[in-house]
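Below is one structure, written out as structure tokens, with a few remarks after it.
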Amino acid sequence: MEIHLIRHAHAGSRKGWDGDDRERPLSDRGWTQAQGIEKALGDVGIDRLWSSSYIRCLQTLDPLADRLGLEVEVIAPLTEGGSGAEALDLLLYAARSGLTLAACSHGDVIPAVVATALGRGAQLDGPASAAKGGRYVLRVADGRVVTVRYTPPTDRTD
């Protein structure tokens, strides 16, 4: 089984946004990244889409949701400030149920998920922190993450 863990696409800077940060939308660059995510993951057999409640995360999954005809489900531990261990445990629960997930979260939660997986014995291929629009494939076997492989955002190659 695989879990596709995506850092939300580019949404500009917090300092440049005047409203509630939960409502900060994707930038034009972010929409391009979201479309790249849709192209990359559209044919991998995703069963469910999970996201933080923040608009930029929901929008990151919009093109993929449209292509797959799936609703994006808000999952609280994926929200900024969430627990990496709790998020990973929920993702693993879904994987043990036979689901292939794509989940979108933030720059604090994702490294915590990766660190938790590594602490439980997973092997990392790539950096421990994703750039905006970057993603990880967590390969699950026997109920645990065995490998974590990073893919940079579609508009970058690092």
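The values are calculated or read from the model by the stated rules, or taken from the named source; none is laboratory data. Just so it is clear, the structure is predicted and the values come from calculations on it, not from any experiment. We place every Cβ from the backbone using ideal geometry, glycine too, and count neighbours over all the protein chains shown. Surface areas here come from the heavy atoms of the whole protein model, side chains and all, with no ligands, DNA or RNA. Shrake-Rupley method; radii C 1.70, N 1.55, O 1.52, S 1.80 Å.
Computed values, structure above
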| quantity | calculated |
| --- | --- |
| Selected residue (criterion: nearest to Gly143 (Cα to Cα)) from residues of segment 62-95 that are of a type in the set (Asp, Glu) and out of contact with any helix residue (DSSP H, G or I) (no Cβ under 6 Å at 6 or more places or on another chain) | Asp89 |
| Gln59 under 13 Å from the mean Cα position of the chain (by Cα), surrounded by fewer than 23 Cβ atoms within 10 Å (Cβ to Cβ) and not basic (Lys, Arg) | yes |
| Unique residue being under 21 Å from Ile110 (Cα atoms), open to solvent by 50 Å² or more (accessible area, probe 1.4 Å), in a helix (DSSP H, G or I) and modelled with pLDDT under 95 when the list is Arg22, Arg14 | Arg22 |
| Residue count, segment 105-158 (criterion: part of a strand (DSSP E or B) and either farther than 22 Å from Ser52 by Cα or touching a residue at least 60 places away in the same chain (Cβ under 8 Å) (or both)) | 16 |
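One line per residue, one yes/no per condition, for (1) of a type outside the set (Phe, Trp, Tyr); (2) modelled with pLDDT of 95 or more; (3) open to solvent by less than 60 Å² (accessible area, probe 1.4 Å):
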site	(1), (2), (3)
His8	yes, yes, yes
Thr32	yes, yes, no
Ile37	yes, yes, yes
Tyr54	no, yes, yes
Asp89	yes, yes, no
Ala103	yes, yes, yes
